[in-house]
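Report on the following structure.
Coordinate-derived values only; no laboratory data. Source: prediction; values computed, not measured. Methodologically, a virtual Cβ is constructed for each residue, glycine included, from the backbone with ideal geometry; neighbour enumeration extends over all protein chains shown.
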Amino acid sequence: MDFHSAYKGAFIRLSKSEAAKGMLMGLPAVRRAKERFIAGDTLGDGVRVVADLNNYMRDGNAYPISGVLDFVGESVTSREEAASAVQTYCGILSAIKANSLDSRIAVKLSQLGLDIGLDFCRENIGIVADHAQRYGICVEIDAEEDAKARRTLDIYKDLHRKGRDVAIYLQSARKGSIDDAKELGEMGAKVRLVKIAYRESPDVAWQCKTDIDDSYRFLMATLSTGTVGNVSKLIVATHDDIMIKEMQRLISYGLADNEKIEFDMLLGIRSDRIRELAGEGHHTGVYVPYGKDWYPYFCRRVGERPENLVFVARSFFS
Ligand code: FDA
């Protein structure tokens, strides 16, 4: 295992520790550090950040960047919590409409009760997707651990069959993503390609960065050039310049259609670069998480880059 994987693994373990959560969330310095990655505690905070992105201007020209609003939270264990998340997402959709925002929403099926029951979760995501359909807003389904991947894909296919506007995340680190990509390509799905934010066993996922990157390149090229069917949209969700430049090369050679490609990044990471891409005429988006249950999301972000630990350490002295 390389250093990067070991470092990331340590933070994923930390993200699941209730004891660490209780201690770290209480520290003012950690709460200050999380502000880089989380829009704030309330929907109003998320709305403000998305509105700023939508209104991005440079040299007097408008280069609107889309938002993807995410209400942080995952792996709920009670029906009440899942029902409450459904209501929250319906509220987010209404706020997007009321504020005329250019924004989608991102949901985790585990937040809508996937671990409680498949039919229960199907019903919940159905309510959210119906609500979104009425407002013409796309629902993106986040990719979680491999154990949830098959059920997530089944639910996605169901919604797609019913004509709901949904996008699904595909993780390049997951070995099963290659087969999923073929299926999604044939369906003309909207796909968002990411590397991986979780830790998986070698049976199901590539472990080292080189393999994960090679898989990303392969999936990005096959999905964007129509080699595996024709996805209706490919969201290249990465901060990695090598991947971004390869995607731009496919577009400039005429092998991929710029109109069907969008570059997305996470709030607080490489914000200059996403603005630059918007200015170059690409469709762009930023994933904007908000909410009080920010701890696991925050740990995953810090664990993606050792330099982020220095950033957190600095917040103890600011
Ligand atoms: P990589 O990790 O190779 O990083 C490339 C470069 O980007 C780094 O060298 C650094 O400069 C910068 N960078 C990356 N992460 C950083 C960080 N945290 N802080 C500062 N700089 C950083 N995953 C998942 O499993 N399920 C999901 O649903 C999603 N959803 C999602 C949406 C969007 C819009 C994005 C951009 C990413 C996700 N992810 C995700 C997370 C993804 O899987 C991955 O963990 C991170 O994006 C980091 O991988 P990169 O592709 O950026 O490459």
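The table that follows gives values for the structure above.
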| item | result |
| --- | --- |
| Spatial separation of Cα centroids for region 99-135 and region 279-310, in angstrom | 21 Å |
| Equivalent ellipsoid semi-axes, region 115-209, via Cα gyration tensor eigenvalues times 5, rooted, Å | 24, 15, 11 |
| Debye, to nearest 20: dipole size of the chain, +1 on Lys, Arg Cβ, -1 on Asp, Glu Cβ | 440 debye |
| Ordering of 5-12, 20-27 by packing [mean C-beta count within 10 Å, highest first] | 5-12, 20-27 |
| Size of charge dipole - region 181-229 - debye, nearest 20, with Cβ of Lys, Arg +1 and Asp, Glu -1, no other charges | 240 debye |
| Pairwise centroid distance, computed over Cα atoms, of region 77-93 with region 11-52, Å | 20 Å |
| Most positive-pole-ward Cα, Tyr290, Ala19, Phe37, against dipole of the chain from beta carbon charges | Ala19 |
| Of all DSSP beta bridges in region 38-173, antiparallel share, percent nearest 5 | 15 percent |
| Ratio of the Cα radius of gyration of region 238-318 to 2.2 N^0.38 Å, where N counts its residues | 1.34 |
| Considering only the chain, percent of DSSP beta bridges that pair antiparallel, nearest 5 | 10 percent |
| Convex hull volume of region 61-118 per residue (C-alpha atoms, cubic angstrom) | 71 Å³ |
| Qualifying chymotrypsin sites (Phe, Trp or Tyr not before Pro) in region 242-318, DSSP loop, other Cβ atoms within 10 Å at most 12 | Tyr253, Phe316, Phe317 |
| Within region 168-318, percent of DSSP bridges classed antiparallel, to nearest 5 | 5 percent |
| For the chain, radius of gyration divided by Kirkwood radius, i.e. Rg to Rh on alpha-carbons | 0.94 |
